[in-house]
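Notes follow once the structure below has been shown.
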Amino acid sequence: MGELSARLQEELEIKTVFTIPLFGGIDVNQSVVVTWCIMALLLVVTLFMTSGMKVKNPGRRQLMIESFVVWIQNLTGDMLGEEAKQYVPYISTILIYLGISNIIGIFNISPPTRDLRVTIALALMSIVLIESAALRKKGPKKFLKSFAEPMAVVAPMNVLELGIKPLSLCMRLFGNVFAAFVIMELVKMAVPIVLPAALCLYFDLFDGLIQAYVFVFLTSLYIKEAIE
Amino acid sequence: MSLTAIGAGIAAITGIGAGVGIGIATAKAVDAVARQPEAEGKIMKILLLGCALAEATAIYGLLIGILIVFFLQ
């Protein structure tokens, strides 16, 4: 039992890949490096797919990327509604990044969303976007007033919500990915063949995509709510 | 060590609430789709949202369990 928990703890640790020798050494984590790899992959795929676009006689590649872009824009546009259309690119980007980073566990790479710091950063980006969307739409005076809606009594609740929204967003994503990772590691230790492959389909593919969807869904729901 | 293990086990009880909640939500969603198959897309969306919110309690339980195991040794 002690050996098992030691092995599990070793797997769960977020490793430092290398240290930048600046300002007394900046540690670069595994999750940051994996995020860079995902960014590079997305950049290469985007450049490849968008090269040589034509108005007449589009090639197969162009049709493929066009239908994908339309699909994802419809998906996020439906969630955001007509009034918040300008946030579609951001939400789509987050959806693609989260989708890839959640299912990357299939290739035996540790998913970056397993690191609490990554999900905290994403949730902070979300809450800043939500509040700044409200500020832009309503103007400073109305924005401050909106905290006292529907009654002045609930103002503390509304202020508390500023902290609760990002907390539950980041904890939900982190908790799901982390729990899936722990269960997969435990199963791999107990039964090394066949069973992990079947469970991987559920935990990595299905659950990962659902959680990516839920994250952007809740973010766009909050945006929609904030600019009403 | 054994007492912290019991504590983590108690924290895992939060799973009951999430399980019951998601179960009820899914049952109602199945009911609704059976009655109105054309509203499937909308029902699916609301179901996902409800499941995500119901699941949050289980995730908090998991979080407390992890904190207990790693920090109360």
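Answer yes or no as to whether A:P196 is open to solvent by less than 20 Å² (accessible area, probe 1.4 Å), over 15 Å from the mean Cα position of the chain (by Cα) and either in contact (Cβ under 8 Å) with a residue 12 or more places away in the chain or away from chain B (no Cβ under 14 Å) (or both).
It is true that A:P196 is open to solvent by less than 20 Å² (accessible area, probe 1.4 Å), over 15 Å from the mean Cα position of the chain (by Cα) and either in contact (Cβ under 8 Å) with a residue 12 or more places away in the chain or away from chain B (no Cβ under 14 Å) (or both).
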**Request:** Could you figure out which of (1) more than 30 Å from A:C200 (Cβ to Cβ); (2) of a type in the set (F, W, Y); (3) outside any helix (DSSP H, G or I) isn't true of A:Y90?
**Result:** (3)
**Request:** Any residue in region A:204-227 that's within 11 Å of chain B (Cβ to nearest Cβ) and touching a residue at least 12 places away in the same chain (Cβ under 8 Å): show its pairings with residues that are surrounded by fewer than 17 Cβ atoms within 10 Å (Cβ to Cβ) and among the basic types (K, R) at Cβ separation under 8 Å, as long as the two are six or more apart or on different chains.
**Result:** A:F217/B:K45
**Prompt:** For chain B, which fully contained helices (runs of 4 or more DSSP H) count at least 1 residues that are within 14 Å of chain A (Cβ to nearest Cβ), within 28 Å of A:K165 (Cβ to Cβ) and touching a Lys or Arg at 6+ places or on another chain (Cβ under 9 Å)?
**Reply:** B:40-71
**Hits in region A:66-87 - residues which are assigned to a helix (DSSP H, G or I), open to solvent by less than 30 Å² (accessible area, probe 1.4 Å) and over 30 Å from A:A179 (Cα atoms)** = A:G77, A:A84, A:Y87
**Item:** region A:111-132, residues that are surrounded by fewer than 19 Cβ atoms within 10 Å (Cβ to Cβ) and among the small types (G, A, S)
**Value:** A:A121, A:S132
**Item:** Odd one out for A:L144, checked against (1) surrounded by 13 or more Cβ atoms within 10 Å (Cβ to Cβ); (2) modelled with pLDDT under 90
**Value:** (1)
**Asked** Condition test on A:K54, is it among the charged types (D, E, K, R) and assigned to a loop (DSSP other than H, G, I, E, B)?
**Response** yes
**Request:** Among the residues of region A:162-183, write down those that are open to solvent by 20 Å² or more (accessible area, probe 1.4 Å), within 14 Å of another protein chain (Cβ to nearest Cβ) and either farther than 16 Å from A:L98 by Cα or of a type in the set (S, T, N, Q) (or both).
**Result:** A:I164, A:K165, A:L167, A:A179, A:V182, A:I183
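Return the residues of region A:21-35 that are assigned to a strand (DSSP E or B) and open to solvent by less than 60 Å² (accessible area, probe 1.4 Å); say none if nothing qualifies. It would help to see each step written out before you state the result.
Keep residues of region A:21-35 that are assigned to a strand (DSSP E or B), which gives A:26-29.
Answer for region A:21-35, where residues must be assigned to a strand (DSSP E or B) and open to solvent by less than 60 Å² (accessible area, probe 1.4 Å): A:V28, A:N29.
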**Request:** State yes or no: is A:L186 more than 14 Å from chain B (Cβ to nearest Cβ) and under 23 Å from B:A12 (Cβ atoms)?
**Result:** no
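The values are calculated or read from the model by the stated rules, or taken from the named source; none is laboratory data. Note that this is a predicted model, so its numbers are computed, not measured. Every residue, glycine as well, gets a Cβ built from its backbone with ideal geometry; the counts of neighbours run over all protein chains shown. Surface areas here come from the heavy atoms of the whole protein model, side chains and all, with no ligands, DNA or RNA. Shrake-Rupley method; radii C 1.70, N 1.55, O 1.52, S 1.80 Å.
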